[in-house]
Amino acid sequence: MSYTVTIEPIGEQIEVEDGQTILQAALRHGVWLPFACGHGTCATCKVQVIDGDVDVGEASPFALMDSEREEGKVLACCATLESDVTIEADIDVDEDFEGYPVEDYQATVTEVVDLSPTIKGVHLKLDRAMTFQAGQYINIELPGVEGPRAFSLANPPSRSDEVELHVRLVEGGAATTYVHHQLNVGDTMSLSGPYGQFFVRSSQPGDLIFIAGGSGLSSPQCMILDLLEEGDERKIVLFQGARNMDELYNRELFEALDRDHENFTYVPALSQAEGDASWQGFKGYVHDAAKAHFDDRFSGLKAYLCGPPPMIDAAITALMQGRLFERDIFMEKFLTAADGAEDAQRSALFKKI
């Protein structure tokens, strides 16, 4: 049995299978509803039921209060339909969002490499091509790990039948521990995607800067490779931050891109390089490298930030002090379960964070 949900204000109608949540159905029809945790604790996916019957599911009483339930509000990630339903959702319609539907895939591990002492590069072969937008992510199911885990795609959309991931080892993290210590070439796994709204706003004028830290390099790598493959003529600057040279992975790739493309500049920065005479690059935090490169003036640029929350917060402060404002700043925070369900990894506009 299935029901139909009408999503206002866009008027989109989608079919929802028995037992499927509103959010699952929407994503698999290419309709992007705002969400974060995906399991009823953060309230990001709260929508208003205008007409019809809905089972609220296992929504947390803190995320969905009794008074809100009485008003007909539900969490799309938990709610299932008991009739045809009309809902009203807070949807940002972005003209650059391509809205590819989420699908399920089977993947085989073809390579696991050490990118740095704490980051593995995982390469997967898909059972069929996946259409996605550069900057998006996938959810992976791993043996013995409860629930899917989100990882950003590092390969450009032109390599549509393969997946490249950068996985940082998180202390006590079940998924990253499995990847680092148990995952082998030839292993198979299930994944779904694409997810996320972290992508280049191609319709918006202005040169581009990318600020990345740790394994947050994955999305900028994907986006930059795609831009250069497509012949984008805007100036592009990548600032990559790491603690030391061992953690500064894929440096050779970006140095080669810097040599081969007049419109691309690569600026690595090491935060713990003081006293290291072998390092001739920028010494300090990655946001300070951006400030030095642009002489504290960022107006007219479009900034894309990807990495751990402290790096993101410091970069936002630096950019805004340099006269770049929220409409021109886009980000993807890399968070773990330890950061709390309310801050689960999401892809959103600056104003939504």
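The values are calculated or read from the model by the stated rules, or taken from the named source; none is laboratory data. From a predicted model like this one, the values you see are computed outputs, not experimental measurements. Don't worry about glycine lacking a Cβ; one is built from the backbone with ideal geometry, like all the others, and counts go over all protein chains shown. Heavy atoms of the whole protein, side chains included, go into the accessibility calculation; ligands, DNA and RNA do not. Shrake-Rupley method; radii C 1.70, N 1.55, O 1.52, S 1.80 Å.
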Fraction of beta bridges assigned by DSSP in the chain that are antiparallel (%, nearest 5): 60 percent
Peptide ranges 181-191, 75-85, 153-163 listed from the most packed, as the mean C-beta count within 10 angstrom indicates: 75-85, 153-163, 181-191
For segment 139-295, accessible area per residue (1.4 Å probe, heavy atoms of protein chains only), Å²: 44 Å²
Heavy-atom accessible surface of segment 1-123: percent carbon and sulfur, 1.4 Å: 43 percent
Solvent-accessible area, 1.4 Å probe, carbon plus sulfur percent, for segment 128-270: 44 percent
Radius ratio Rg over Rh of segment 47-165, counting only Cα atoms, Kirkwood formula for Rh: 1.08
Cα Rg over Rh - the chain, Kirkwood: 0.98
D (Stokes-Einstein, µm²/s), Kirkwood Cα radius, segment 260-309, 1.306 mPa s at 10 °C: 125 µm²/s
Pairs of Cα atoms farther than 15 Å apart, segment 5-64, %: 51 percent
Count of lysine pairs in the chain with Cα separation under 18 Å (8 or more residues apart, or interchain): 12
Cα-based convex hull, segment 131-238, per residue volume (Å³, whole number): 111 Å³
222 nm mean residue ellipticity, helices alone, for the chain (DSSP H n ≥ 4; -39,500 (n - 2.57); rounded to 500): -5000 deg cm²/dmol
Dimensionless Rg ratio for segment 207-265, taking C-alpha atoms and the 2.2 N^0.38 Å reference: 1.07
Cα-derived Rg over Rh, computed across segment 1-117 with Rh taken as Kirkwood radius: 1.07
Equivalent ellipsoid semi-axes - Cα gyration tensor, segment 148-300, angstrom: 27, 22, 14
Gain on full stretching of the segment that runs from residue 246 to residue 114 - 0.36 nm per residue minus C-alpha separation: 46.4 nm
Pairwise Cα inverse-distance average, inverted: Kirkwood Rh of segment 164-212 (Å): 14.6 Å
